[in-house]
Structure formats: C-alpha cells, structure tokens
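Colleague: Take this structure, written in structure tokens, and hold onto it; I'll ask about it next.
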Amino acid sequence: MGLAVKSIMMNGLKLGFSTLSIFMKPPETWAKIALGDNFNAIEILCEGPMWPRRKAWKGCIEADGLEVYLHSPTIDLNPASVNEGIRDETLRQLKETIDMAAGLGAKYVTTHPGVIHKPIPRIWDMCLEFATQVLGEAADYAKACGVTLSIENMPNRRTYLCTSPEGLEKLRKACGCGVTIDVGHAITCPDPSSFLKLPGISYLHVNDNDGDRDAHLCPGDGILDLSLLRLHDRMIIELNDYGEVLRARDVILRSV
C-alpha cells in the first residue's frame, strides 16, 4: 500500500480530481488512472466526451473503489438567463446529468448558479428568481433520483451569483440543495473562511491563486491558507494538468 493511500485512509479523506486534467484521455481509462495513483474519488466533467446526452458513459466508466461526483455542463448554459430558451435547456441538461449520476451511483452533481450580464437591481432580482426556479426544480429532481444537486460558489466578479457566503446560503436554502465550495473562488472574495463554515457542503474544489484571478494553481502556489482544508473530508483537486494534480495531492496530504 503506497504512502499516499495510507495517508488518505488514516485521515478519513475522500480525495480525488476533476477529469478536466485528463480530458483528452479515453474515458474508460479514467478510473484506472485514479486508482493507480491512490485516489479514492473522482469528479467527472460532463462536457465534451462525457456530455450526458451522448450517453457515452454507459459501459465505459467503471468506478469500483471510487466515490463519484459529477460536474454538470455549464458552457453556454445559464439558469439565471433572461432568455427562457436558455433556462429551459439548462434545466434539461441538469436533469440529464442527474440521470447520469443515478446511473453511475454518483452522490453529487455540482453546477454553477448563473451569471447576470446586466447587473442592475431590477434585472438582478428577476434573474435571481429565474435561477432559483431552475435550480430548485433540478434539486427536487435530484432528490427523487437519490442524488444531491450542489451549487458552486463563484469568483469575485460583479456579474456572478453566489460570490458571498450569504448569497450562496440564501440560494441553497431557497433551492433545497447542497453546496460545493471552490476554495480558489473563495480566496478571490472577502472573508474566504466563511464559505468553509456554511451548512450543506457536499465537497470542496481545491485550487489556488493570487487573490485577484481564478488561476487554478496548485495549492500552496498562491495565497490559500492550507489549514482551511482541515475543515472538510471530501476534496476534488481541480487543475488543468495531471502532473500538477499529483503534486497537489501530496501538498494536501501534508496539510490535513
């Protein structure tokens, strides 16, 4: 048994990575890669080859020994859109992702809360209500499927929903869902530690930055206080490069 897996087991961690880092490798190899490097969880990014509507996951994702989470499609989708067609398609793809999660035995589906392109008060309030309707319906659908929908906090930009702990908690309660805390997003916002104290946290996305830009650096290469990771025992390393994922794994295990 390798040192990494011993450390994971001793700490009671569920530690994995996003398939963003191995996106171009065949999906049927993803679980083998994770297990071979002593991870015990994986988050499947449901874009490209794993777009749920293609149903390519059937028969090619064998994840015995791994706790599985999904990240829904978000590119070009927006639950807070003023365009009803975009909202309808966002809900449709959320439900397809939840069906995929149920088929894989995945526990959580992470999604984004939405973006408001014209953030003036009357538009903001209307779009927040749209997002609440879409995400609330998706959360109810997920519960019926034995899955938890989990809304992710966003980086500190004025057009994003859920850039504060208060905003994220309010939407979580309104929708009846969980939350995924991206610690890299949190450290671009005031008082990042407050995000880690919210109720209903499903798991963490772990990455780092300099506090100004959502750079997705290896933890320890930016301003992230690594001691914050001790507050939770489910973590997904969300980086672009798999070599950096392995480096992040070792940083995390030394820190928790």
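Colleague: For the range 224-234, what does the Karplus curve 6.51 cos²θ - 1.76 cosθ + 1.60, with θ = phi - 60°, yield as ³J(HN,Hα) per residue in whole Hz, taken in order and with x for Gly and Pro?
Modeller: Karplus values, whole Hz, x for Gly and Pro: 4, 7, 5, 5, 4, 5, 5, 6, 9, 10, 10.
Colleague: Amide H of Glu67: which non-local residues (sequence gap of 5 or more, or other chain) have their own amide H closer than 5 Å, using H built in the peptide plane?
Modeller: Ala41, Ile42
Colleague: Fewest first, what order do Glu137, Glu62, Glu84 take by the number of other Cβ atoms within 10 Å? Don't skip to the answer; put the middle values down first.
Modeller: On the way: Glu137 16, Glu62 12, Glu84 9.
The most exposed by this proxy come first: Glu84, Glu62, Glu137.
Colleague: Name the most mobile residue of Val183, Val147, Val109, meaning the one with the largest mean-square fluctuation, in a Gaussian network model of the chain with Cα contacts below 10 Å.
Modeller: The residue that fluctuates most here is Val147.
Colleague: For Leu91, Leu20, Leu149, what's the fewest-to-most ordering of other Cβ within 10 Å of each Cβ?
Modeller: Working: Leu91 18, Leu20 21, Leu149 31.
Sorted ascending by nearby Cβ count, the order is Leu91, Leu20, Leu149.
Colleague: Using amide H atoms built in the peptide plane, which far-off residues or other-chain residues are under 5 Å from Gly105 H to H?
Modeller: Answer set, sorted by chain and number: none.
Colleague: Within a 10 angstrom radius of the beta carbon, how do Ser21, Ser72, Ser164 rank from fewest other beta carbons to most?
Modeller: Numbers: Ser21 21, Ser72 26, Ser164 18.
So the ranking, lowest neighbour count to highest, is Ser164, Ser21, Ser72.
Colleague: Cross-link list Lys14/Lys58; Lys118/Lys143; Lys25/Lys170; Lys55/Lys197: which exceed 27 angstrom alpha carbon to alpha carbon?
Modeller: Check vs 27 Å cut-off fails for Lys118/Lys143; Lys25/Lys170; Lys55/Lys197.
Colleague: As a test of the formula, what do you get for the chain when each DSSP H run with n ≥ 4 contributes -39,500 (n - 2.57) and the sum is divided by the residue count, at 222 nm and rounded to the nearest 500 deg cm²/dmol? Please report the intermediate quantities before stating the final value.
Modeller: On the way: 7 runs with 89 residues, N = 256.
When only DSSP H runs of four or more count, the value is -11000 deg cm²/dmol.
Colleague: Along the range 102-119, what does the Karplus equation 6.51 cos²θ - 1.76 cosθ + 1.60 (θ = phi - 60°) give for ³J(HN,Hα), rounded to whole Hz, x for Gly and Pro?
Modeller: 4, x, 8, x, 6, 8, 9, 10, 8, 9, 9, x, x, 10, 10, 6, 10, x
Colleague: Run the numbers on the chain and let me know its relative contact order in percent, using alpha-carbon pairs under 8 Å that are six or more apart.
Modeller: 18 percent
Colleague: Using the alpha-carbon centroid of each, what span in Å lies between the range 57-93 and the range 215-251?
Modeller: Between the Cα centre of the range 57-93 and that of the range 215-251, the gap is 24 Å.
Colleague: How compact and how long is the chain, expressed as Rg and Dmax of its alpha-carbon atoms in Å?
Modeller: 17.4, 58
Any read-out appearing in this document is the output of simple, stated calculations on the displayed coordinates, not a laboratory observation. Just so it is clear, the model here is predicted, and its values are computed rather than measured. FYI the Cβ positions are ideal-geometry reconstructions off the backbone, even for glycines, and counts take in every protein chain you see.
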